[in-house]
1. Out of region 58-83, which residues are within 13 Å of residue 8 (Cα to Cα) and not hydrophobic (A, V, I, L, M, F, W, C)?
2. Count, please, the residues in region 193-216 that happen to be in a helix (DSSP H, G or I) and either out of contact with any Phe, Trp or Tyr (no Cβ under 8 Å at 6 or more places or on another chain) or under 23 Å from residue 314 (Cα atoms) (or both).
3. Can you say whether residue 170 is more than 24 Å from the chain's Cα centre (by Cα) and of a type in the set (S, T, N, Q), as far as the supplied structure shows?
4. What's the total number of residues in region 83-94 that are under 16 Å from residue 142 (Cα atoms), among the hydrophobic types (A, V, I, L, M, F, W, C) and surrounded by fewer than 24 Cβ atoms within 10 Å (Cβ to Cβ)?
5. Here are some residues: 256, 243, 208, 237. Which one is in the same structural domain as residue 355 (by TED's automatic domain parsing) and surrounded by fewer than 16 Cβ atoms within 10 Å (Cβ to Cβ)?
6. Please go through region 225-263 and give me each residue that is of a type in the set (Ser, Thr, Tyr) and in a helix (DSSP H, G or I), ordered by number.
7. With the structure loaded, tell me whether residue 222 is assigned to a helix (DSSP H, G or I) and in contact with a Pro (Cβ under 7 Å, 6 or more places away or on another chain) or whether it fails that test.
8. List the number of the failed condition for residue 145; all other conditions in (1) under 13 Å from residue 49 (Cβ atoms); (2) modelled with pLDDT of 85 or more hold.
Amino acid sequence: MAKSEYGKIEYSLGGLGFILNALLGFGIPSSYAYFVLKKEDLNTKSGYSLYILLLIVYFILIQALYFVFPKHIYLSLIISYVLANQVFYSYVFKAQGQAIYATLMDSGIYFLFLGIILINYLLGSSVSFSDFFLPMLLYSCVFAVIGVFKNRKNDLSIAKVQLIKIIKYSWHLLIGSFLIILLMNSGRFIIEFFSENFEDIGVFGFYLRIAGISLVIFQMLFILYFKEFYTKSIKSLDKMFSLFLIIILIYSVISLYLIPVIIQPYSRFFKDTFPANAKLFVLLTFFTFFWTTYNLISNMIVREKLAQNYNYYLVGIIFLFSLILVSIPKLNIEKFAVIQLIIGVLVVISQQVLLFTKGIVFKKTNYVIVAAIFLCIAICISF
């Protein structure tokens, strides 16, 4: 696949698709654990089913846009629908303690993409951007059928009341999730906006995915211990969080030296681009560590009903982020990675500051975060 075509896939999946998914979610998926686990309010399940039905309406409406928008925008719309469903069902499975199903749901779209690549490889043909449209559409239809099935006995009048109750709690989560997507996962979108170069998006997305293996490690731990996040004491969670972060930090440092050795013989893309992007890889590796840290601590923000308070911090960081972007001349992917890393650190620090002001202190976790910051500075300087 050409770099520009790969860049369009990255833009659709990791760029605009993720941003639209945050809006579609309306914070509703992440509220599931709060209502079902912490509050034990099982009546809200009918409201969540209605939410899935509303997603189907969105899916039907966007089909009319196939002939209106560029193909990478249309694919972003389809992907946003798929991701919204995957995120919701993943939270449901996590709350039910079904770790395997949650893992499969989180990875569903990536399994689909891998399947498309393998089929083309077996057929001896090169992968093209257009190969992803029909499989994504069929995958979307599966979620639509499931959504209709789940609502076949749902009392819509009761479900409407429950959904309104969920939204009243969740809209703060919507604002927060959208702001955090802009801060932490809008790189492909911003790079396209400033450079309109899909090759740059492809390179940035490729190294972010390699660096993002630490996020996969976190996701495994997150799924296994999801219930504990909402039921254990702060002291117990501090021990758990610090251990998680130590594991991920050790992996991150080792990966800087191990991954190039492993991948280079098998990836022409990596071999061609790594010499000019070694520093980019380092920056994104530490960025994903702090992104992982944010994801870990964000559960405490939800659990302690601090989402509205935290949004004020995020607005301030968004303002700083925007100011930096417009003031940097000739923004390239390495400069942007530096900015992303700084923003990632600020997001994590702001979480801890908010929790501290509410009397919640993760002492051991903070030690690991501080150690990671100094280690990040030392390694970035050495590369």
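1. Result: 70, 71, 72, 74, 76.
2. The first filter runs over region 193-216 and keeps only residues in a helix (DSSP H, G or I), leaving 193-195, 198-211, 213-216.
Those left that are additionally either out of contact with any Phe, Trp or Tyr (no Cβ under 8 Å at 6 or more places or on another chain) or under 23 Å from residue 314 (Cα atoms) (or both): 193-195, 199-200, 203, 208-209, 215-216.
Residues in region 193-216 being in a helix (DSSP H, G or I) and either out of contact with any Phe, Trp or Tyr (no Cβ under 8 Å at 6 or more places or on another chain) or under 23 Å from residue 314 (Cα atoms) (or both): 10 in total.
3. Working: more than 24 Å from the chain's Cα centre (by Cα): no; of a type in the set (S, T, N, Q): yes.
When the stated conditions are applied, residue 170 does not pass them.
4. In the first step, residues of region 83-94 are kept if they are under 16 Å from residue 142 (Cα atoms); the result is 83-90.
Now restrict to residues that are among the hydrophobic types (A, V, I, L, M, F, W, C): 83-84, 87-88.
Still in the running and surrounded by fewer than 24 Cβ atoms within 10 Å (Cβ to Cβ): 83, 87-88.
Within region 83-94, residues that are under 16 Å from residue 142 (Cα atoms), among the hydrophobic types (A, V, I, L, M, F, W, C) and surrounded by fewer than 24 Cβ atoms within 10 Å (Cβ to Cβ) number 3.
5. On the way: 256 fails: surrounded by fewer than 16 Cβ atoms within 10 Å (Cβ to Cβ); 208 fails: surrounded by fewer than 16 Cβ atoms within 10 Å (Cβ to Cβ); 237 fails: surrounded by fewer than 16 Cβ atoms within 10 Å (Cβ to Cβ).
Exactly one of 256, 243, 208, 237 is in the same structural domain as residue 355 (by TED's automatic domain parsing) and surrounded by fewer than 16 Cβ atoms within 10 Å (Cβ to Cβ), namely 243.
6. Just the residues of region 225-263 that are of a type in the set (Ser, Thr, Tyr), to begin with: 225, 230-231, 233, 236, 242, 251-252, 255, 257.
Matches in region 225-263: 230, 231, 236, 242, 251, 252, 255, 257.
7. On the way: assigned to a helix (DSSP H, G or I): yes; in contact with a Pro (Cβ under 7 Å, 6 or more places away or on another chain): no.
Considered against the rule, which asks whether it is assigned to a helix (DSSP H, G or I) and in contact with a Pro (Cβ under 7 Å, 6 or more places away or on another chain), residue 222 comes out as no.
8. Exception for residue 145: condition (1).
The values are calculated or read from the model by the stated rules, or taken from the named source; none is laboratory data. For clarity, every value in this text was computed on a predicted model and none was experimentally measured. Cβ sites come from the backbone with ideal geometry, for glycine too, and all protein chains shown count toward neighbours.
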